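Asker: Attaching a single structure in structure tokens format; questions to follow.
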Amino acid sequence: MAENNQNAATGNTPVKPKPAAPGAAKPAAPGAAKPAAPAAAKPAAPVAAKAQPSTSTGGGVYKPPVDRPDPNPYKDSRLSPLGSWFQERFYVMMPVIDYLKKKEVPQHRLSFWYYFGGLTLFFFIIQIVTGLLLLQYYKPTAAEAFASFVFIQQEVPFGWLIRQVHAWSANLMVMMAFIHMFSTFFMKSYRKPRELMWVSGFVLLVLSLGFGFTGYLLPWNELAFFATQVGTEVPKVAPGGAFLVGILRGGEEVGPETLTRMFSLHVVLLPGLLMLVLSAHLLLVQVLGTSAPIGYKESGMIKGYEKFFPTFLAKDAIGWIIGFGLLVYLAVVFPWEIGVKAEALTAAPVGIKPEWYFWAQFQLLKDLTFEGGELVAIALLTVGAIVWILVPFIDRQASSEQKSPLFTIFGLLVLAFLLINTYRVYAEYGW
Ligand code: HEM
Ligand code: HEM
């Protein structure tokens, strides 16, 4: 090492030749190898000398180039002592930080809708924190789950609050994800080059619904038990569906094995997957920046730009504080019920329905009562989801910055289907 530093200081002097390796020592005088070309010797010498140690040392021993420049180009930037301590070690991150400092967000009359991605993220963070706290007391077995759940609600200091916040934040997270999805849809934010933001976002929504579905069973109360029984029955009519249901249930019926499966999905697989996809989603947000609706730039509807760090983020934080206030208010004023412990042999209570975010699909299944109707409903929902996820690739007009009213109408129809069917379930069953 000292040898290399010394060489670096002296410029192009090659590594000290080892007397024991005459074969290696000889080419150490490459200038001498070309005595007949004095004109070329001057510029050629350093190159030859640089390359020599790394390629021609004997015995296969690698010697790095001797005059490497100091790789930290930020050494002299003016920072606090702590800042420069980190900077010296993580200098490779500096271009990224410089890039992020330049990131800007356009301001226009629809800017409000760009806060919903951040709000969804906020409620997900709340879910991680409260979920980890619940895990300290929750016991994922059919014998103990309900008792541990009651214990959290009644005995653990502030356990009730953590549980209520987890249950409410789950609902708010899904609600925000839906608002975020439809707002990005109507502003055509999915258009080129943001196609993968849309696709990764849709995967995030599906994973969030998966969280809701698996979490619902964890308290192991009667309502959740029978709702899971009904919910996991549905895919059976589709080809290969019975196999999938077997994996989800861990057997023929919903039972103790189902709880184990739902638990591991809820606290291991889904968080891992969601964080992976979320990293890609947020990376794209940073790399591609924030879009503006079609035609806004050209018609001068952009009022100006603001820095993402810290201005937009600070405004995001205001949204988070309001969201947190709402969350605590709901958790305290409208607590979710505990219910009664699930017993497999009791008769299913009347009015079993899934969580509200599955109501639209539930209603469609109920509507198609003819022979094979369930299969038709599943096929319709699957085709609908595939078209929805492929919208950025189908909507060519938006990608060439032209308005695409047909897709706006399509989005309105999807929204109407979700809202009307959700309302119909509400009207029939209540909350
Ligand atoms: C890493 C993140 C998470 C962990 C460690 C976690 C952990 C838990 C645990 C231990 C329970 C059982 C205790 C209880 O029932 O109150 C639970 C319940 C639940 N979780 Fe999560 N969770 C996480 C994220 C999420 C997310 C992202 C959602 C939804 C979007 C969600 C939705 C639910 C629901 C709906 C329940 C049932 C709530 C109830 O009725 O009390 N969880 N979670
Ligand atoms: C867990 C769920 C999700 C999280 C945490 C999340 C987070 C974010 C964040 C923080 C942004 C930047 C700020 C903003 O524009 O709101 C963003 C942008 C975006 N998201 Fe999501 N998102 C989620 C789900 C979705 C879904 C379901 C979709 C659509 C199917 C989607 C599509 C997009 C698009 C297209 C953008 C770019 C917006 C633009 O620049 O115009 N995201 N997301």
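The values are calculated or read from the model by the stated rules, or taken from the named source; none is laboratory data. Everything numeric in this text was worked out from a predicted model, so none of it was measured. Cβ: placed from backbone, ideal geometry, glycine included. Neighbour counts: every protein chain shown.
Asker: Exactly one condition in (1) of a type outside the set (Asp, Glu); (2) under 30 Å from residue 416 (Cβ atoms); (3) within 10 Å of ligand 1 (Cβ to nearest atom); (4) within 17 Å of the chain's Cα centre (by Cα) is false for residue 196; which is it?
Answerer: (3)
Asker: Is one or more of the residues making up the range 274-291 farther than 30 Å from residue 106 by Cβ, modelled with pLDDT of 95 or more, more than 16 Å from ligand 1 (Cβ to nearest atom) and assigned to a helix (DSSP H, G or I)?
Answerer: No, that holds for no residue.
Asker: Oh, and also: Could you grab me the full set of residues in the range 224-238 that are outside any loop (DSSP other than H, G, I, E, B) and either without any contact (Cβ under 8 Å) to a residue 40 or more places away in the chain or surrounded by fewer than 18 Cβ atoms within 10 Å (Cβ to Cβ) (or both)?
Answerer: 228, 230, 235, 236, 237
Asker: Examine the range 147-165 for a residue that is at positive phi and more than 11 Å from ligand 2 (Cβ to nearest atom), and state whether such a residue exists.
Answerer: yes
Matching residues to (1) in contact with a Lys or Arg (Cβ under 9 Å, 6 or more places away or on another chain); (2) at pLDDT 75 or above:
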residue	(1), (2)
44	yes, no
78	no, yes
99	no, yes
103	yes, yes
111	yes, yes
120	no, yes
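Asker: Determine whether residue 139 is surrounded by 21 or more Cβ atoms within 10 Å (Cβ to Cβ) and assigned by TED's automatic domain parsing to the domain that holds residue 262.
Answerer: No.
Asker: Right, something else. Identify the single condition in (1) closer than 22 Å to residue 318 by Cβ; (2) surrounded by fewer than 20 Cβ atoms within 10 Å (Cβ to Cβ); (3) in contact with a Ser or Thr (Cβ under 7 Å, 6 or more places away or on another chain) that residue 179 does not satisfy, given that it satisfies every other one.
Answerer: The failed condition is (3).
Asker: Any chance you could count how many residues in the range 64-108 are among the acidic types (Asp, Glu) and either in contact (Cβ under 8 Å) with a residue 12 or more places away in the chain or in contact with a Gly (Cβ under 6 Å, 6 or more places away or on another chain) (or both)? I'd like the intermediate steps shown before the answer.
Answerer: Pass one, the range 64-108, residues among the acidic types (Asp, Glu): 67, 70, 76, 88, 98, 104.
With either in contact (Cβ under 8 Å) with a residue 12 or more places away in the chain or in contact with a Gly (Cβ under 6 Å, 6 or more places away or on another chain) (or both) added as a condition, the list becomes 67, 88, 104.
Number satisfying all stated conditions: 3.
Asker: Could you please tell me which pairs satisfy a Cβ distance under 8 Å, a separation of 6+ or placement on different chains, a first residue in the range 248-267 that is free of Cβ contacts under 8 Å to residues at least 12 places away in the same chain, and a second residue that is within 16 Å of ligand 1 (Cβ to nearest atom)?
Answerer: Partner pairs satisfying both residue conditions: 250/258; 250/260; 250/261; 251/258.
Asker: Report yes if residue 134 is touching a His at 6+ places or on another chain (Cβ under 8 Å), in the same structural domain as residue 312 (by TED's automatic domain parsing) and away from ligand 2 (no atom under 16 Å from the Cβ), otherwise no.
Answerer: Details: touching a His at 6+ places or on another chain (Cβ under 8 Å): yes; in the same structural domain as residue 312 (by TED's automatic domain parsing): yes; away from ligand 2 (no atom under 16 Å from the Cβ): yes.
Taking the combined requirement at face value, the residue satisfies it.
Asker: Being farther than 28 Å from residue 180 by Cα and among the hydrophobic types (A, V, I, L, M, F, W, C) narrows it down to one of 287, 199, 237, 267, so name that one.
Answerer: Exactly one of 287, 199, 237, 267 is farther than 28 Å from residue 180 by Cα and among the hydrophobic types (A, V, I, L, M, F, W, C), namely 237.
Asker: Any residue in the range 188-197 that is of a type in the set (A, V, I, L, M), assigned by TED's automatic domain parsing to the domain that holds residue 320, crowded, with 17+ Cβ neighbours inside 10 Å and outside any helix (DSSP H, G or I)?
Answerer: The answer is no; no qualifying residue exists.
Asker: I would also like to ask the following. Select from the range 149-163 the residues that are buried (at least 22 other Cβ atoms within 10 Å of the Cβ) and not aliphatic (A, V, I, L, M) and write down the one among them that is farthest from the chain's Cα centre (by Cα).
Answerer: Ranking the candidates gives 149 first.
Asker: Can you name the residue in the range 111-158 that is within 10 Å of ligand 1 (Cβ to nearest atom) and of a type in the set (Gly, Ala, Ser) and is also nearest to residue 200 (Cα to Cα) among such residues?
Answerer: Here the residue is 131.
Asker: For the range 263-317, give me the residue count where each residue is touching a Gly at 6+ places or on another chain (Cβ under 7 Å) and among the charged types (D, E, K, R).
Answerer: The number of residues fulfilling the criteria is 1.
Asker: Give the residues of the range 344-385 that are surrounded by 13 or more Cβ atoms within 10 Å (Cβ to Cβ), in a helix (DSSP H, G or I) and more than 28 Å from the chain's Cα centre (by Cα), sorted by residue number.
Answerer: Residues satisfying the conditions are 363, 364, 365, 366, 373, 374, 375, 376, 377.
Asker: Now a separate question. Can residue 309 be described as outside any strand (DSSP E or B) and under 19 Å from residue 166 (Cα atoms)?
Answerer: no
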